[in-house]
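Trainee: First, the structure itself, so that you have it in front of you.
Just so you know, all these numbers are worked out from the coordinates, no wet-lab data involved. Being a predicted model, the structure only gives us computed values, none of them experimental. In this analysis, Cβ positions are derived from the backbone assuming ideal geometry, glycine residues included, and neighbour counts consider all displayed protein chains.
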Amino acid sequence: MYIPETEALRPRSFRRDSVAWLLFIVMTVVAGLSWYKFSHRVYAISALPAAADTATPRITILSFDRIVSEPDGAHVSKEQLRERLSALRADGFTTISVAQLEAFYHDARPLPEKPLLLLFEHGYMETYRNVDPLLRDFGWHASLGVQTRRLQDRDTAFVYWDRLQRMVDSGLWDIVAQGHRTDQPIVAGSNASLGNFLASRAWLENTRRLESTSEFSNRIDEDLATSLESFANNLERYHVSAFSYPFGKLDHLTDDVNLRSLVETAVSHHFKLSLVDDLFGMNDEFSSPQHLKRLRVTPALSATELTGRLDRALHSSASLAAEQQSWITGSGQFERHGTSLSLHGSPSAEAWLAGSPWESDWKVQADISLQQGEFWLVSTGVESRTQWRFGGRHGSGTLQLQSIDTSRNTTTLATFPVVIDATETHHLAITKRGAGVWIEWDHAPLTQRPVYIAAETRSLLGWKTSAGTGSVELHIDHFAFTAYPYTVAELSNDPSSAEIQDLIVRAPLVAAITFPWASIDTGKLKTEAPVDVVFDILARRYGWDLLPTVSVFESHRATREQIINALQTAIVQSKHGIFLRADSSLNDELAASIQATQRQAARQNKRLVLAAQPNRQFNTASAAPQSPLLSR
Amino acid sequence: MEVSTVATEERRANPRLDAISQARVQRRNPLFTTRIWHGALRNGSRGGACLHVNTPLDLGEWIDLKLDPGVIPFVTAGQATIEARVVRQIASSDPAVHGVSSYTFGVEFKRNIKLRLAHAWYRSIPWLVTALFIAGVVNVGYLKSFNLDSFWYQPLLNFYSILISIFILSRVLLALFYRPPKNLGYQPAVTAIIACKNEEDSIAKTIDVIFNSDYPRERLEVIAVNDGSTDRTLEEMRAAQRRNPQLKIIDFKKNLGKRHGMAAGAQAAKGEILVYIDSDSFVQPDTIHKLVQGFADRDVGAVCCHAHVQNARTNLLTKMQEVRYYIAFRIVKAAESIFSSVSCCSGCLAAYRKEYVMPVLDHWLNQTFLGEIATFGDDRSLTNYMLRRYRVIYDSEAVCTTIVPETYHVFFRQQLRWKKSWIRESLIACTFIWRKHPTAAISYYLGVLFPFVGPLVVLNALAVPLLGAASPSLSYLYGAILMSFLYSLAYLARFRNTLWIYGVYFTFFYMFVLAWQTFYALLTVRRNHWGTR
C-alpha cells in the first residue's frame, strides 16, 4: 500500500482548505470552552452570618422523594414544591449546605436564623430537572441523595456523574450518600424470603446459614466504602460527608439492637453526618450529628400545614396556648374541637406534641375519658427511642408506669390499683423532674415519692391508644403542658439531717442534686471525696439527677486542653453528668470549648451544668435559661 | 382543419417539456377500440402535446393515451391513462422519433377533475416534502437531544448516534447548496473511451449514443477497447465503426483487465479530457458538453457524472437501486462536491484531465494492495490519484443512464467488489484526505468508520436484546426509519413518483443484509475476482 512520494503522487492542500481548518480549530476551541463555562456556571447563594445568633439555632431538615412534573398524588410535584419553598422563604427559613451543617456540628461555626437543609432522595433525573430551576430562581441550596449502584447500572432514570459534577460545581447542590446497594432486598432466609439490606442478616446459600455478625458488619462496611469510592473516583473537587438512610429509621426495620448498632457504627465510621426520619425534622447543637432528624414531606402536607408544623415544632410547647399547640397524628384519627382532643381508630391511634422535646422537665395535665381499649401517655427519647409510658387498659383495674428499651422489651416500673370508668372523666397530672416521674390521678398522688426512670433527657411526648382487635376511643380535655426549669440543689459534702430534710421537702421542685466531688488541679482531675452512697440513695428515692461538682480555678494553672480533657473524664465517670464551678477568669476560648463539651455530654445523655458566678458568660441552672439545655 | 379553442390557448400558456415519451394510443372510435397503436408524445405541456403515431386520426376524435409509469410526470402527473382530443394535424418534420413517423397530430388533454387534482397534487409535492423534511429534521433533533442529555450513560453508543445523524443530515443540507458547474461554453478536445469484455448486447448502442452527442464532432474522439472478449463484442464494435468511421478500436487478444483497457485508451487518446464510459451506460446528447464544463477550472482533475438507472422499474431490487443511485449521486456526491472532494467518480461515466492522469498512469496500472495486484475498483482508485493533488467535482447535469443488476446474485457480487475497492481506497485516502476542507475530511473519516460500527450497533440495539428476552430498541428502529425517510424525501421531491418508498426498503435491506458484507469483504479483500458478469 505504500505509495512513493514522487511529485505527481505527493498530496497537497489548497489554500482555502488550510484556512478552513484553522477556522474550524479556533471555532471548536471557542465553542468547547464556552459550553464548558456555561454548563459549569456557578450560582451565588446567600452568605452565612459572621457570628452566631444569640439563640442556639434549631435546624430543620426536610426530605422529599421524587419530584414529579405533574401531580400524581404520591409525590410532590414541581408546582407544589414551589409553593412550599415560597412559604418557607416567607416564613424566614434560609437553606444551608451539608458542608455548613458539618461545620456547625464539628467546628461550632455559626448558622443563619431558621436554617433549613433540603434533601431530595434517590437521585432521580426527574427530580433534578424539576428542582434545579427552582433553586436557581430562589438562590437556594439543596442536597441530592444518591445511590451509586444506579450510576453503575447507568440507569437513565437517575442522575449520572457528569450531571452530578455540574451540580456540585454550580454551588447549588450537595451530594448525600445513600449507600451502594442499600435499596436492594437481600435473601434473608432459607425459604428465599427477602429482607432489608441494612436491617437483615443475609442468607448464605453456599454454607446454608445466616451471615454472622462480623460478616454482616463487613457487608455493610463494604457497601458504604464502595459508595464512597465511587464518589471519590467520579466527582472532582467534592467530598461526600453525609449519609441518608434510604428507608428512614433502622428501628422501624428491625428490633435487633445489635444489627442497628453495627450499621450505625459503620455509618459513623465513614460519614460525619447521617440523617434519619422524624415527625418534625428538628435538630439543634445538642443533637447527635449521626442521628440528625429529617421530616419527609408528602403531597398531603400543604405549604401552610408544613410551615405551621415547623413553626410549632421550633418552639417549646410550653410557649404555646393549648389551641395553638400542634399535634401530629401517627396511626388512627385525631380530632380537635377547641380544647378537646380525641383519638380513635382501629386497632390503634396516636398523636404527638410538637415542641415537646425542647423541655426536659415539665408537667402535663389533662382530663381523659377512655371509651375503649387502652391508653398511654408516652415519652419517647428522640435519640435512643427508649420510651417510658403511663396508662392502662379499660377494665383492667390497674394503671402502670412502664419503660421500653431499644429492643422493645417492656419493664413495669410501678403498678397502681386504679379502675378506669368509661362513663367518667379522670384527671391525670404527670410531672417529670430530673430522673423522677410524679403521677396524680383524679387530683390524688398515686405515690408518695416519684418513680425513678433512667430516661433520655430529650423526649417526644404523645398519646397512644390501642385495642388489640377492636377499635379505640380516647377523649382528652383541657390538656396543659407546663415547662419547669432544671433546678439543681447544692448539698455539702457531708450533709446534715436538717439539710437533707429540707431538700426532701423541696423534692418536687428539684431536678438534680450536686455536692463537692472533684477539682481540676494542675491539669488533672483530682477527686476530693468519693460519691457518698447517701447521695445515690436520695437520688433514686426522689428521682433526682446526680451531678457531682467539679471545680476549676485559675490558680490551679491548667491549660485549656487539660481542663477539657479532665471535664470529659469526669463526665464519663459520672452517672448523669457534672456540675461545673469555675471562676470568672475563664476566657472566651475556654467558654467555647465548654460549650462543645456540653454538646458531647448531651449525646451521651448526660449533662454539664454550669454554676452561677459573677461576670460569667454562661447561663446557669438557677437563672431562667434562654435555651433550656444551656442550663445543663 | 385546425381546431382552436380556449383550451388550446390555455395549453400554450402552460410551460412545455421538450421530451419524447412512448405512448400507446387507443381510439375511442367503436371501430377501433380493440386495437392499440404505438406512438410518441413530444413537446408536451399540461394542456396537450404533439403525438406521433403510425395511423391517421380524425380531427376532434377522442383517444386514450396509455403511458408507462414515470413518463413525463410533469405533464401527466403520474396518470397511467389520459384522455385527449385530436385538435389539429401537424406536418411531421422529424422522421426518426423512436422509429414511428407517419403522422403528427396536436392533441389536447381532457382537463377533468381527476387530472386537475393529479396536477394539483403534483405541484404540491415539493411543498409537502419541504414540510415533511423540516418536521423530520426537528424530530431527529428532538431524538438526538436525548442522546446528548444522557450522553455519558452510554457514551460510545450516544456518540455514534449523534454523529451518524449529523453526518446524514449534513449530506442533505450540503446538497441543498450544491450547484453544477456553469456552462461556460468550454469545449476542449475530448476522448471518450469504452473498455469492455463480453458486452455484445449493449456496446453498439453505447457507441452510437456517443456519436449522437451534440459535442462538436471535430473535438470528439471515441476509442473502444475490446478486452479479450469471447463473444461478438468485437464484431459489434466493428459494425459500429462502419456506422461511425471516427471510432477507433483497440483489441486485446486476451483479457488483461479493465484497468489495462482504460490505460490503453488513455495512452492512445489525443484529447485533453478523457471520458470513460461503461459499456452498459448511455449518455444523452448534451452529457459530454456538460461534463467538460467543470474542467474550465485548472485545479479540477476529475468530474463525476450523474447516473440514472435505466431498468428502474423491473423489480424490487432495481427499484431500490434507483432510489439509492439518486441519493448516492445527487445527495452524497453533491455534498462532497461542495468541497471539491468527491471520493469516487463512478465508472459508468467520468471524465479526467489527461495531463494529470498520465504522470500517475503507470503507478495506477500497477497498483498493488497487500501484495496483490489491484484488478477492480478502477474508478475509485483513479479518483484517489486525482484527489491527492486536484479538485474532484460532480456535475448533476451531466446525465447518463446505466443498467443495474436485476438478480440478487449478480447484485451481491457487484457489491462485494465495490466494498473491497472501497476498503482498499479508503485506507489509502485516509493518509491524505485530512488535507482537504475539514468538513470533507471529517466526513470522509466518519464515512470510513460507520460501515464497520453500524452493523455492530444494529446488533446491539436489535439482536442482543432479543437474546436477553428483552424487546429490541424501538427508538433505534424509529430513528433508522426517520433517517431513511429523510433521504427518500429528496427523491420524492425530485421525481414525485411512488418509487421513493423503496429508499426506506433499501435502508432495512442494507441494515440487515448488505452491511454485513463489509466484514466479509474485509476478510477477503485480497481476492481479486470480478463480479457482474
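Trainee: At 0.692 mPa s and 37 °C, plugging the Kirkwood radius over alpha-carbon pairs of the protein assembly as shown into Stokes-Einstein gives what diffusion coefficient in µm²/s?
Mentor: 85
Trainee: Suppose we keep just the DSSP beta bridges with both residues in the range B:206-358; what percent of those would be antiparallel, to 5?
Mentor: Percentage antiparallel, nearest 5: 60.
Trainee: So if I place +1 on the C-beta of Lys and Arg and -1 on the C-beta of Asp and Glu, and nothing else carries charge, what would the dipole magnitude of the range B:398-460 be about its Cα centre? I want it in debye, nearest 20.
Mentor: Here the range B:398-460 has a charge dipole of around 200 debye.
Trainee: Using the Cα gyration tensor of chain A, with a ≥ b ≥ c the square roots of its eigenvalues, what is the shape: rounded (a/c below 1.5), prolate (a/b larger than b/c) or oblate (neither)?
Mentor: Cα axes put chain A in the prolate bin.
Trainee: Assuming R0 = 56 Å, what is the FRET efficiency of B:ASN212 and A:GLU236, from their Cβ-Cβ distance, to the nearest 0.05?
Mentor: 0.15
Trainee: Can you sort B:ILE249, B:ILE207, A:ILE25 so the residue with the fewest Cβ neighbours within 10 Å comes first?
Mentor: Numbers: B:ILE249 15, B:ILE207 25, A:ILE25 11.
So the ranking, lowest neighbour count to highest, is A:ILE25, B:ILE249, B:ILE207.
Trainee: Given chain B, what percent of its DSSP beta bridges are antiparallel, to the nearest 5?
Mentor: Around 65 percent of the beta bridges assigned by DSSP in chain B are antiparallel ones.
Trainee: I want the antiparallel fraction of DSSP beta bridges within chain A, as a percent rounded to 5.
Mentor: Bridges in chain A are about 65 percent antiparallel.
Trainee: Would you mind ranking B:LYS333, A:LYS37 by Cβ crowding within 10 Å, fewest neighbours first?
Mentor: Final ranking by Cβ density, sparse to dense: A:LYS37, B:LYS333.
Trainee: Of B:HIS119, A:THR148, B:GLY301, whose Cα points farthest to the positive end of the dipole of the protein assembly as shown (charges on the beta-carbon: +1 Lys, Arg; -1 Asp, Glu; origin at the Cα centre)?
Mentor: Positive-most Cα among the choices belongs to B:GLY301.
Trainee: Tell me the angle of helix A:533-542 to the major Cα principal axis of chain A, expressed in degrees between 0 and 90 and rounded to the nearest ten.
Mentor: 90
Trainee: If amide H atoms are built 1.01 Å from N in the plane of the peptide, which residues on other chains or at least 5 residues away come under 5 Å of the amide H of A:SER459?
Mentor: A:VAL382
Trainee: Kindly provide the GluC sites (Glu not before Pro) of the range A:417-480 that DSSP labels as loop, not H, G, I, E or B, and whose Cβ sees at most 15 other Cβ atoms within 10 Å.
Mentor: Qualifying residues, ordered by number: A:GLU424.
Trainee: Now for a different question. If you take the square roots of the eigenvalues of the alpha-carbon gyration tensor of the range A:315-483 and sort them as a ≥ b ≥ c, do you get rounded (a/c under 1.5), prolate (a/b over b/c) or oblate?
Mentor: rounded
Trainee: What angle do you read, to the nearest 10 degrees and between 0 and 90, between the alpha-carbon axis of helix A:213-234 and the longest principal axis of chain A?
Mentor: On a 0 to 90 degree scale, this one is about 40.
Trainee: Counting partner chain Cβ atoms within 10 Å of every residue's Cβ in A:10-23, what's the average? Walk me through the intermediate numbers first.
Mentor: Details: counts 3, 10, 5, 6, 9, 0, 4, 11, 4, 1, 7, 6, 1, 1.
What the average comes to for A:10-23 is 5.
Trainee: Restricting to Cα pairs below 8 Å that are 6+ residues apart, what does the relative contact order work out to for chain A? Please round to a whole percent.
Mentor: 9
Trainee: Please get the size of the charge dipole for the range B:190-271, origin at its Cα centre, with Cβ charges of +1 on Lys and Arg and -1 on Asp and Glu, quoted in debye to the nearest 20.
Mentor: Details: 14 positive and 12 negative charges, 57 e Å.
Using Cβ point charges on Lys, Arg, Asp and Glu, the range B:190-271 gives about 280 debye.
Trainee: Go ahead and run the numbers for FRET between A:THR213 and A:PHE416, Cβ-Cβ distance against an R0 of 41 Å, rounding to 0.05.
Mentor: 0.50
Trainee: Here are some pairs, B:LYS290/B:LYS354; B:LYS319/B:LYS419; A:LYS272/A:LYS432; B:LYS144/B:LYS420; B:LYS248/B:LYS419; which of them have Cα atoms lying more than 28 Å apart in this structure?
Mentor: A:LYS272/A:LYS432; B:LYS144/B:LYS420; B:LYS248/B:LYS419
Trainee: Report the chymotrypsin sites (Phe, Trp or Tyr not before Pro) located in the range B:128-233 that are in a DSSP loop and have at most 14 other Cβ atoms inside 10 Å of their Cβ, or state none. Display every interim value, and only then the final one.
Mentor: On the way: sites: B:PHE133, B:TYR142, B:PHE146, B:PHE151, B:TRP152, B:TYR153, B:PHE159, B:TYR160, B:PHE167, B:PHE177, B:TYR178, B:TYR186, B:PHE211; in loops: B:PHE177, B:TYR178, B:TYR186.
The qualifying sites are B:PHE177.
Trainee: Let me have the 222 nm mean residue ellipticity of the protein assembly as shown computed from DSSP H runs of 4+ only, each contributing -39500 (n - 2.57), with the sum over all residues rounded to the nearest 500.
Mentor: Result for the protein assembly as shown, helices only: -11000 deg cm²/dmol.
Trainee: Leaving out same-chain residues fewer than 8 places away, which aspartates and glutamates sit with a Cα under 17 Å from that of B:LYS270?
Mentor: Straight-line reach from B:LYS270, under 17 Å: B:GLU218, B:GLU221, B:GLU355.
Trainee: Peptide B:339-350: average number of partner chain Cβ atoms within 10 Å per residue?
Mentor: 1
Trainee: Another question about this same structure. Answer rounded, prolate or oblate for the range B:106-199, using the Cα gyration tensor with square roots of eigenvalues a ≥ b ≥ c: rounded when a/c is under 1.5, else prolate when a/b is larger than b/c, else oblate.
Mentor: Note, shape of the range B:106-199 comes out oblate.
Trainee: Relative to the longest principal Cα axis of chain A, at what angle does helix A:257-270 sit, 0 to 90 degrees, rounded to 10?
Mentor: Here the helix axis deviates by roughly 50 degrees.
Trainee: Still on this model: Put +1 on the Cβ of each Lys and Arg and -1 on the Cβ of each Asp and Glu in the protein assembly as shown; which of B:THR55, A:SER227, B:PHE376 then has its Cα farthest toward the positive end of the dipole?
Mentor: The residue sitting most towards the positive pole is B:THR55.
Trainee: Loop only by DSSP, 16 or fewer other Cβ within 10 Å of the Cβ. Give me the GluC sites (Glu not before Pro) in the range A:209-280 that pass, ordered by residue number.
Mentor: Answer in residue order: A:GLU236.
Trainee: Rounded to the nearest 20 debye, what is the charge dipole size of the range A:59-307 about its Cα centre when +1 sits on each Lys and Arg Cβ and -1 on each Asp and Glu Cβ?
Mentor: With Lys and Arg at +1 and Asp and Glu at -1, about 200 debye.
Trainee: Between A:HIS427, A:PRO71, B:TRP37, whose Cα lies farthest towards the positive end of the dipole of the protein assembly as shown when Lys and Arg beta carbons carry +1 and Asp and Glu beta carbons carry -1, centred on the Cα centre?
Mentor: With unit charges placed on the Cβ atoms, the residue in question is B:TRP37.
Trainee: What are the ³J(HN,Hα) values, in whole Hz, obtained from phi via the Karplus relation 6.51 cos²θ - 1.76 cosθ + 1.60 with θ = phi - 60°, for each residue of the range A:561-573 in sequence order, with x given for Gly and Pro?
Mentor: 3J(HN,Hα) across the range A:561-573, in whole Hz: 4, 5, 5, 5, 4, 5, 5, 5, 5, 4, 5, 4, 6.
Trainee: If each residue's Cβ is checked for other Cβ atoms within 10 Å, how do B:TYR326, B:TYR444 rank with the fewest at the top?
Mentor: B:TYR444, B:TYR326
Trainee: Based on DSSP H assignment, which helices of chain B show an axial Cα extent of at least 27 Å together with a mean Kyte-Doolittle hydropathy greater than or equal to -0.5?
Mentor: B:113-149, B:155-176, B:438-458, B:474-495
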